[in-house]
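Please treat every number below as a calculation from the coordinates, not as lab data. Predicted model only: the values in this text are computed from it and were never measured. Counting neighbours? That spans all protein chains shown, and the Cβs are built from the backbone with ideal geometry, glycine included.
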Amino acid sequence: MAKKYDVIALGELLIDFTMNGQSGQGNNMFEACPGGAPCNVLAMLGKLGKRTSFLGKVGKDQFGILLKSTLDAAGIDTSHLYMDEKVPTTLAFVHTFPDGDREFSFYRNPGADMMLCESEIDEEYLKETRIFHFGTLSMTHEGVRNATKKALKTAKENGVLITFDPNLRPPLWESLELAKEQMEYGFRYCDVLKISDNEIQFVSGKEDYDEGIQYLQEKYGIPLILLTMGKDGSRAYYKDMRVERPGCTVEAIETTGAGDTFCGSAVSYVLEHGIENLTEEQLGEMLTFANAAAALITTKKGAIRSMPEKEEVLAFIK
């Protein structure tokens, strides 16, 4: 039976304030970029022609209104984007270093994305998707954690494919132990895991990436694991295969959204090819495209509005 959506993503939707030069008086200027990992993933999926919907919460304030209109413009369904009357939209200030890497300062104590509750998880809506995507920022606090777990359970019981990007942000957790616990909860549910080099070391306690992935495969039996290694490229671990593709060289302005662009590209490939019988050649093709798309996003600021077009990625690969 045809589903209404290809992907529903649950999680944070916020404003990333990124550095954008200095004023005439020498003050730092910040640009308000709509962001939040799950929606970045949906934005890339939209560029690849997929039907997407977002499940989450923003404040009923200027930033929340901006975010809703941004999703609407990107073609992301907002029928389950809730607006909180009392709690403001979550904000993140992104401080970029000379090499394009960055650190975050979050204004989320509380932030509206944390206010999503179990009663707002519509089970009928979740049955209408082929893939359910989530991260761990919706698992930092009890209320939204319960909502995430209800959504996961609903998706699993209805045969929906589950994709997971932990997207670890240490400042948002009361302890790293809790972060690890919630990541492990996600591993138990997901069919496709996208994880970064530092996250695999954190959660497995192993320096060597292959050993860390092997630990996850043996403990959780995740069918497809995608490891991102920044400019060094990425790897896919599937059945007894390990496929690696190099990164692409670009002049990076900032890396915000690169992992999400990679993730959206990979999820799109899974929608087109399934995860039953992928070949080594297909895994390589998936990684090559995802690496190229991720490299292109680092040449622009922000994420949701900056996702590359499919033709642009294919031309870049050539």
* From the square roots a ≥ b ≥ c of the eigenvalues of the alpha-carbon gyration tensor of segment 90-135, which class results: rounded (a/c under 1.5), prolate (a/b over b/c), or oblate? -> oblate
* Projected onto the charge dipole of the chain (+1 at Lys/Arg Cβ, -1 at Asp/Glu Cβ, origin at the Cα centre), which of 257, 158, 291 gives the Cα projection farthest towards the positive end? -> 158
* Got a sec? Charge dipole of segment 166-266, +1 on Cβ for Lys and Arg, -1 for Asp and Glu; which of 195, 225, 168 is way out at the positive end? -> 225
* **Relative contact order of segment 174-318, pairs being alpha-carbon contacts under 8 Å that are 6 or more residues apart, as %** => 19
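Mind putting a number on the dipole of the chain about its Cα centre? Charges go on the C-beta only, +1 for Lys and Arg and -1 for Asp and Glu, and I need it in Debye to the nearest 20.
Numbers: 34 positive and 48 negative charges, 120 e Å.
So the magnitude is around 580 debye.
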* **Binned Cα-Cα distance frequencies in segment 20-170 - 10 Å width, integer %** => 10, 37, 36, 13, 3, 1
* Asked: From the square roots a ≥ b ≥ c of the eigenvalues of the alpha-carbon gyration tensor of segment 59-103, which class results: rounded (a/c under 1.5), prolate (a/b over b/c), or oblate?
  -> oblate
* **For peptides 143-151, 32-40, sequence by mean Cβ density within 10 Å, most packed first** => 32-40, 143-151
* Dipole magnitude (debye, nearest 20) for segment 143-295, charges at Cβ of Lys, Arg, Asp, Glu -> 620
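Please rank 95, 133, 141, fewest neighbouring Cβ atoms within 10 Å first, as an exposure proxy.
Working: 95 14, 133 30, 141 19.
Fewest-to-most Cβ neighbours within 10 Å comes out as 95, 141, 133.
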* Roughly how many debye, to the nearest 20, is the charge dipole of segment 179-226 about its Cα centre, given +1 on each Lys and Arg Cβ, -1 on each Asp and Glu Cβ, and no other charges? -> 220
* Please arrange 6, 61 by counting, for each residue, the other beta carbons lying within 10 Å of its beta carbon, fewest first. => 61, 6
* To do: Note down the relative contact order for segment 242-318 as a percent, whole number, built from C-alpha pairs under 8 angstrom at least six residues apart.
  => 46
* Starting with the fewest neighbours, write out 286, 44, 1, 241 ranked by other beta-carbon atoms found within 10 Å of each beta-carbon. => 1, 241, 286, 44
* Structure fact -> the chain: relative contact order from alpha carbon pairs under 8 Å, six or more residues apart, as a whole percent, is 18
* Asked: Hey, which lysines would be in cross-link range of residue 4, C-alpha to C-alpha under 18 Å, not counting anything within fewer than 8 residues on its own chain?
  -> 47, 50, 127, 156
